[in-house]
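Single-structure report; data block below.
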Amino acid sequence: MEPSGKKPIIGLAGGIGAGKSSVARILESLGAAVIDSDQQVRELYSDPHVMSVVRQWWGECVIGRDGCVDRQAVATIVFKAAAELERLERLLYPRLARGREEQIKVHQRDPSVRAIVLDSPKLYEVGLDKICDAVIFIDVDWTVRSKRVTASRGWDLAQLQQREKLLISLDRKRTMADHIVENHADTAALSGEIRRVFSSILAAGQNDVTSQCS
């Protein structure tokens, strides 16, 4: 992997419902700064230009009663038509990249930040793994993930399968990752494992610095 600067950049990967956000929160509690792609998208949907373009494309049906973009309405459209998804990504992705780069610069200068975490559902698909010093794959059984997604997002199994077909297979992501962590039910066990992996990543970064200076 390519060096990313004085503080390690850690990518999170895993299936939908694997618990990447939970892992991100644990890492944040350990001193990492988290860049959340979903949060970035939510903020972009409040941008007047983005709102105007989305309204022009799909009409008032994607604007909620509060006057903001209805993300669920947009998702219903784009996940049924690849061309619509592609043009939405062309609108959002360059803006996401610029925002991410700025956040990374800020966190690299912040002495209180120990590492930078990229919580992105398409980490491998958009090539963000290339700027990571390490990638953690959160491994969860399909049955557990499907129950979580049904409970938290109200999706049925067809919706989950439809969205995962658009992503790189989990088997491939698992083999590409540097660390694999299971997240089935035990929060304490997950926290302990993340602490161990985080310490390992920080130690590897220190070793790299030492070897460069020797």
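For residue 180, which sequence-distant residues (separation of 5 or more, or a different chain) have an amide H within less than 5 Å of its own amide H, given hydrogens modelled in the peptide plane?
Sorted by chain and number, the residues that satisfy this are 137.
State the answer as a single residue: which of 48, 134, 72 lies farthest towards the positive end of the charge dipole of the chain, with beta carbon charges of +1 for Lys and Arg and -1 for Asp and Glu, about the Cα centre.
Highest projection toward the positive end goes to 48.
Can you give the net charge of the other residues whose Cβ lies under 11 Å from the Cβ of residue 123, counting K and R as +1 and D and E as -1?
Result for the local shell: +1.
Would you compute, from DSSP H runs of 4+ residues alone, the mean residue ellipticity of the chain at 222 nm, taking -39500 (n - 2.57) per run and dividing by the full residue count, rounded to the nearest 500? Intermediate results must be reported in sequence, preceding the final value.
Numbers: 9 runs with 119 residues, N = 214.
For the chain, the value works out to -17500 deg cm²/dmol.
Using alpha-carbon positions, what is the distance between the centroids of the stretch 53-124 and the stretch 148-201, in Å?
With the stretch 53-124 and the stretch 148-201 each reduced to a Cα centre, they are spaced 21 Å.
Residue 168 to residue 150: extension gain in nm, 0.36 nm per residue of separation minus the Cα-Cα distance? Numbers along the way, then the final one.
Numbers: separation 18, 0.36 × 18 = 6.48 nm, distance 2.16 nm.
Stretched out fully, the residue 168 to residue 150 stretch lengthens by 4.3 nm.
I need the helices of the chain that pass two filters: whole DSSP H segments spanning 20 Å or more by Cα along the axis, and mean Kyte-Doolittle score no lower than -0.5. Can you show the working numbers first?
On the way: long enough: 82-109 (39 Å, -1.03); 187-213 (39 Å, 0.21).
The answer, listed by residue number, is 187-213.
Any chance you could run the full-extension gain for residue 97 through residue 84? It's 0.36 nm times the residue separation minus the Cα-Cα distance, nm to one decimal. Kindly include the intermediate steps, with their values, before the conclusion.
Working: separation 13, 0.36 × 13 = 4.68 nm, distance 2.00 nm.
In short, 2.7 nm is gained.
Taking the stretch 72-141, which trypsin sites (Lys or Arg not before Pro) meet the DSSP loop condition and have no more than 13 other C-beta atoms within 10 Å? If you can, show how the numbers build up before the last one.
Working: sites: 80, 87, 90, 95, 98, 100, 105, 109, 114, 122, 130; in loops: 80, 114, 122.
In loop regions of the stretch 72-141 (DSSP not H, G, I, E or B), the sparsely surrounded trypsin sites (Lys or Arg not before Pro) are 80.
To the nearest 20 debye, what charge dipole does the chain have about its Cα centre, counting +1 at the Cβ of each Lys and Arg and -1 at the Cβ of each Asp and Glu? Intermediate values should be presented prior to the final figure.
On the way: 30 positive and 29 negative charges, 30 e Å.
Dipole of the chain, to the nearest 20 debye: 140 debye.
If you count the DSSP beta bridges with both ends in the chain, what percent of them are antiparallel, to the nearest 5? Please list the in-between numbers first.
Numbers: 1 of 19 bridges.
Given both bridge residues lie in the chain, the antiparallel proportion sits at roughly 5 percent.
List the aspartates and glutamates whose Cα lies under 17 Å from the Cα of residue 165, skipping any in the same chain that are fewer than 8 positions away.
Straight-line reach from residue 165, under 17 Å: 84, 86, 89, 125, 141, 156.
Enumerate the lysines that residue 7 could reach by cross-link, defined here as Cα to Cα under 26 Å, with residues fewer than 8 away along the same chain left out.
Counting by Cα, and skipping residues close in sequence, residue 7 has these lysines nearby: 20, 105, 122, 130, 173.
Every number in this text was worked out from the coordinates using simple rules, so none of it is lab data. Everything numeric in this text was worked out from a predicted model, so none of it was measured. All Cβ positions, even for glycine, are placed from backbone atoms using ideal geometry, and neighbour counts span all protein chains on display.
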